[in-house]
Structure formats: C-alpha cells, structure tokens
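The values are calculated or read from the model by the stated rules, or taken from the named source; none is laboratory data. Everything numeric in this text was worked out from a predicted model, so none of it was measured. Note that we place each Cβ from the backbone using ideal geometry, even for glycine, and neighbour counts take in every protein chain shown.
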C-alpha cells in the first residue's frame, strides 16, 4: 500500500514536471511568432521587397500554410515514434531558423525563413499537448493544458514588447530574433535529458502504432472529431486577426507609436487569457466530474465571449474601449483554448491524439493563412473595421453550433493512469 502511494505521488510530480519543462518552450514558440507582428513597420522599412499590406499578409501566410500542411505529419510522428524527441528536435530547428530570421536581407529570404519556421514548429504543439494529456488524467487535464497555454500567452505578451526593442537605436528589430534563437538552441539539450515518455498500465494501449491510413481512417470517420475540427478553426480565425493585425490597427486608428501599439494590442488580452485559462481549466475539471459535457460547455461560453469582443473591438471609437473588449476576448480565448485538447481526448483514443491535433492545426492554420491574406486585401480596399470584424463574429456563431453537437465518449473521459519511463 505504501509503495503504491509512493508511486502515485512520484507519478503526480512527474506529470506536473512535464508541464513546467514545456512551459519555456511554449513561451518561446509564440514569442517568435508575435515578434514579427510587433516589429512590422521596422521590417517593412528595413527589408526590401515589401510593396503592399497584402504582400505582408502573404509573408505571414507562408508560415501558416507550411505549418498547417505539416501539422498532421508532426502529430503522426509524435504518435508513431514518441513525443520526447519530436518536441526537442522541433525546438532546436525552429530556434536555429529564428536566429537566421534576424539576419535576412530581402523579402524572399524572410518568406523562406517563415516557411522553414512553419516546418519546424509544426511538430511541437501536437506532441506537447499529447504528452501532457498522456500524464494528466481527466481529474487534472484541463488545468495542465491551461498552464501550458498560459506560457503561450506570456510569450505573446513578451513578443508585444518587440516594438520597443525595434525602436531602440542600440538594439533594433533583429536583436529579438537573434536572442530567442540562441536561447532555444541552448535549452533543447537539457530538455531532451529531462523529459520522459509515458507508459500505461493498460496493456491494450501500450505500443499501439497505427499506420497512416489506419490513423486517418479512424479519425475522419468520427463525426465528433470532424465537428471539433470545425469548432477549433472558426474562433481561431478571430485570434489570428487579433494577434497579428491588432498592433497595426491600434497604431493607425489611435495614432500610437509602434512600441505602445504592440503592448496595447497584446498585453491586455493575453493577461486576461491567463486568468481565463486558470478559471476555464479549474471549472472544466470540476464540471466534467458531474457532467461529461462540462468541458464542451465551458469552451462554448468562451466562444460567446470571443464573439461579443470581436463585435466590440470592430466598433470601438476610443483606445480604452478597444482594450476593454480585448480583455473580454482574452478571457473567452482562455476558456476556449484550454479545453480544445481535453475535448479531443474525449473523442479520440490516446494513440491518435497528436495526429488528431495535427489535423486540427492543419485546418485551423490553413484558414489562418487565408485570414491573414484576406484581411490585408480588405484593408487595402479600405473596408471598414466593423464590417470585417462582423464577418469573424458570424464565424464564431457557427462554431458554437458545432461544439454543442459533439458527443464525448464516456470511456475516454478518464483514462488509465500512465507511468513514467
């Protein structure tokens, strides 16, 4: 009995250690992305080849389209060959490319760097979230994923200060990419030594390694999984606009400097998202004990808040009003984002979760790339912001219908306890 209790405590510590080890990686993952949005004006001025806002949107889209196409492959590699090496290899590769991004000298070099970044980063998120949910059963799953997502929000917040760094005469926009690249490459080795793969007591799920065809067939024949893909995609389109275009929107709408615009556009909603992730994870973990659909309901509530915020931001005529609605957006995003992977765990078996999340990324980020391009086109044509944001609000309404139709499987709501290897 004492030995069993000791093993349980050790497993509990390992499960949370996995989350804390991955948090710096998650932070860096999104810091690298947000930096580019925050230093947009400096990059367009310094790097020759930019001719329009749509041109910038295509460059942003080059990352997303490559990232999207390779996300299912990254997820399958993690399911087939292991999460640990997939995570560490991805970190080292994207950090090297981040370093190179700080040394590009043409538009085509930057597009190439962003496309290569998409290749390397596509392997991380599916593997990381699958590893976390392997170790965390239903009782702590949303909170564990929420803690990891909090690091992502912190990364966006830190990236939002990139405008101040870019405006510094002694640093410039290239400094942030160089520093992040060096840190990531250095962190990859100790991370590889510290991470552990799970081993389950349930022999039925040990060493299940489906072929590509088997994995795709099982997932794509699952109606609840397909509904989750749609649900994951539509609110995500709003997030891409808020994350990558909001610094420019605030800059032009309220005549802010590049540094202040970057911070105002990222910090309020990302800080709010941290609180949303904490609350959304805690409430979902408690609610699911009483109702198997608890995580679905919490996520849907978050999407309602996202819709209200998009409508409000699009019609804001003062900076304070815009920031207030960004805070609402952040709380809603925390509720939504924290529970997507846990909902996936309720509809897909453990050995398909990284692949499933990879497919979700494929669809969601493909539409994110289209969103970047279309938003740039609409801005070039001087389409009013309230009309643009109304379009994304409608997409959110459709997504709520999709998530409420999902039917979670009771036998997957609480999985068997894993063991560290």
As an exercise: evaluate residue 169 against (1) part of a helix (DSSP H, G or I); (2) farther than 30 Å from residue 313 by Cα; (3) out of contact with any strand residue (DSSP E or B) (no Cβ under 7 Å at 6 or more places or on another chain) and give the number of the one condition it does not meet. (1)
Do we find a residue being touching a helix residue (DSSP H, G or I) at 6+ places or on another chain (Cβ under 7 Å), modelled with pLDDT under 80, surrounded by fewer than 24 Cβ atoms within 10 Å (Cβ to Cβ) and more than 26 Å from residue 197 (Cα to Cα) anywhere in segment 36-44? yes
May I ask you to verify whether residue 264 is assigned to a helix (DSSP H, G or I), within 25 Å of residue 42 (Cβ to Cβ) and touching a helix residue (DSSP H, G or I) at 6+ places or on another chain (Cβ under 6 Å)? yes
Just for segment 310-323: of the residues that are touching a residue at least 40 places away in the same chain (Cβ under 8 Å) and either assigned to a helix (DSSP H, G or I) or buried (at least 24 other Cβ atoms within 10 Å of the Cβ) (or both), which one is farthest from the chain's Cα centre (by Cα)? 319
What are the residues in segment 117-140 that are in a helix (DSSP H, G or I), modelled with pLDDT under 90 and under 29 Å from residue 326 (Cβ atoms), if any? 117, 118, 121
Answer yes or no: is there a residue in segment 286-305 that is within 18 Å of the chain's Cα centre (by Cα), farther than 30 Å from residue 218 by Cα and not in a loop (DSSP other than H, G, I, E, B). no
